[in-house]
Ligand code: GRF
C-alpha cells in the first residue's frame, strides 16, 4: 500500500512508521510511505521525511484565500502521490470536505486520548484537568467530525499523581507509536471493511 503521512510537528509517529518499514522492508510490512505533507514549514517532521529522502509538500492555510481553497490544494497535493491510505500523524488541522470526499474511509488519525473522551487539540491536558486515572491513545478513521470516526485500536496509559501534560504525553506517545505502526501494517496487509462504527480487519 502507498501511504501519504500528514504532520504538523515533531513527527515521531512518522519516524516510527519509517523505522518499521526500513527494518521489515515494505513487502513484509505491507506498505511504504510515498510522501509527507505538512500544514507548516520548518518542522522536525519534514526534516525526518527529507532525511529518509521522501518527497514532501507544505500546504499552509494562510497561503490560500479561503479554507476551501486550502482544502482543494491539500487534496490535490496528496492525490498526486496516489495514496491507498493517508495517515494523519499529529496533523493539527481539520481536514476539509473535498479531502474527505476524495480519501474518506482511507484516512487514519491518531489521537492522544481514549475517544470518545477528550477529543480536540488538547486531549492530554483535558484528561489531566478532568482528573482521569487512565487515558491513552486512539487510532481511528477520520470522518467529518472532530475525532469522531470509527475506532480501529486503543492503548491505555495510567495517569500518575505527579503527572504534568508533557510527561503524560510522552508516555502516551510511546504507546501511540507502536499502536500506529501495528494498525497501519495490519490495514495495509490484510485489508479492511468499515461497517458503521465497526472496523473489520480481514
Ligand atoms: C501525537 O500525540 C498525536 O496524537 C498528537 O500530537 C502528537 C504528534 O506527535 N495529536 P509527533 O509529531 O508524531 O511526534
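A short reminder: the numbers here are calculations on the coordinates, not readings from a lab. Remember, it's a predicted structure, so these values are computed and weren't measured experimentally. Cβ: placed from backbone, ideal geometry, glycine included. Neighbour counts: every protein chain shown.
Distance between the pseudo-spin-label points of residue 42 and residue 94 (7 Å out from Cα toward the beta carbon): 2.8 nm.
Calculated FRET efficiency, residue 19 to residue 79, Cβ-Cβ distance, R0 = 22 Å: about 0.25 to the nearest 0.05.
The simple spin-label model puts a point 7 Å past each Cα toward its Cβ; for residue 158 and residue 58 those points are separated by 4.3 nm. Modelled spin labels at residue 122 and residue 165, positioned 7 Å past Cα toward Cβ, are 0.6 nm from each other.
Restricting attention to the chain, close to 50% of DSSP beta bridges with both partner residues there are antiparallel. When a/c reaches 1.5 or more, the comparison of a/b and b/c decides; with that in mind, is the chain rounded, prolate or oblate per its Cα gyration tensor? Because its axes are fairly even, with a/c under 1.5, the chain counts as rounded.
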